[in-house]
Amino acid sequence: MTQPSVILATASYDHTIRFWDAKSGRCYRTIQYPDSQVNRLEITPDKRYLAAAGNPHIKLFDVNSNSPHPVMSYDSHTANVMAVGFQCDGNWMYSGSEDGTVKIWDLRAPGCQREYESRAAVNTVVLHPNQTELISGDQNGNIRVWDLTANSCSCELVPEVDTAVRSLTVMWDGSLVVAANNHGTCYVWRLLRGNQTMTNFEPLHKLQAHNKYILKCLLSPEFCDPHSLIVSNFIPARYLATASADHTVKIWNVDGFTLEKTLTGHQRWVWDCVFSVDGAYLITASSDMTARLWSMASGEAIRVYQGHHKATVCCALHDGAEPSSS
């Protein structure tokens, strides 16, 4: 099976994972996932594997195979796995679960290597670009920084007591972190380096982005492909996307946090979103059973991915180059 240059995958409450040709909208592979719903999808940096976070397992599928079976299953969580991601070289994976733990898994060895106790259901985990800190958000409203070098929690924040932190995102250069909660609010901090390696949070902005739940917040990536920017006539800037239960995705300019665009077209909750590598496009996943491809320049949906039979709750996109082997 020839590996596509652009890998787009979605998962749904219909217990399937679908792979799509991003340009044509054609579904070319469907994996049955009968064990549970899939809460989160993530593609490894080398584009070889797709991680599917379910209840309570994480399963790794070969992107370039037609096999319906996972190549590996990671099994020590005891409840819904709500977050999954990879270190930049793809050597290890991190996860967060409603069982209250954050775990690290070495992909070259079996079993869980490290476990951190959050004491509340973990909804979201992101890896700082320095690759040495994980930041988690939980159902009780706590944000914690896990220092992987010291192997301990180095910082705790509670932006709103008893208001679940639903999603976290970190700017590609490590300068900002955004937390979105169940009240539709985004809290923004500058990330500052102290005398030690520990990251310090400096409050920067409070954004009332939506009147309903924010289910995903995402900062745009570093713009590193000038050719695609020229083709799309898209001017590089730093954006924050917020996907909400109000059926919309809003695009905010990080310089001042002004509303740039509201993406309308989904008929139900928008659960997930992911930027293309150049930031010119956004993929969204919704309870209306579709995923959509949006032009950031026009704010219009230019492709609808239809085929799931129930809510489409997560999506993953890898349209960048693989890391150099050096």
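So the values come out like this:
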read-out	value
Single unsatisfied condition, S65 versus (1) modelled with pLDDT under 95; (2) closer than 23 Å to T149 by Cβ	(2)
Some residue of region 107-124 being in contact with a His (Cβ under 8 Å, 6 or more places away or on another chain), open to solvent by less than 20 Å² (accessible area, probe 1.4 Å), at pLDDT 95 or above and not in a loop (DSSP other than H, G, I, E, B)	no
Residue match in region 248-257 (condition: in a strand (DSSP E or B), without any contact (Cβ under 8 Å) to a residue 24 or more places away in the chain and surrounded by fewer than 21 Cβ atoms within 10 Å (Cβ to Cβ))	yes
Verdict on L282 being assigned to a strand (DSSP E or B), more than 24 Å from G54 (Cβ to Cβ), open to solvent by less than 20 Å² (accessible area, probe 1.4 Å) and of a type in the set (A, V, I, L, M, F, W, C)	yes
Identity of the residue in region 285-305, open to solvent by 50 Å² or more (accessible area, probe 1.4 Å) and free of Cβ contacts under 8 Å to residues at least 60 places away in the same chain, that ends up nearest to S12 (Cα to Cα)	I302
Among residues of region 60-80, those that are in contact with a His (Cβ under 7 Å, 6 or more places away or on another chain) and either without any contact (Cβ under 8 Å) to a residue 12 or more places away in the chain or β-branched (V, I, T) (or both), counted	0
Scope region 58-82; condition assigned to a strand (DSSP E or B) and within 22 Å of V126 (Cβ to Cβ); matching residues	I58, K59, L60, Y74, V81, M82
Residues located in region 160-184, provided they are out of contact with any Pro (no Cβ under 8 Å at 6 or more places or on another chain) and farther than 24 Å from Q131 by Cα	E160, V161, D162, T163, A164, N182, H183, G184
Test: residue in region 167-175 that is in a loop (DSSP other than H, G, I, E, B), in contact with a strand residue (DSSP E or B) (Cβ under 7 Å, 6 or more places away or on another chain), open to solvent by 20 Å² or more (accessible area, probe 1.4 Å) and at pLDDT below 95	yes
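The values are calculated or read from the model by the stated rules, or taken from the named source; none is laboratory data. Computed from a predicted model, the values in this text were never measured in an experiment. Counting neighbours? That spans all protein chains shown, and the Cβs are built from the backbone with ideal geometry, glycine included. With ligands, DNA and RNA removed, areas are computed over all heavy atoms of the protein, side chains included. Shrake-Rupley method; radii C 1.70, N 1.55, O 1.52, S 1.80 Å.
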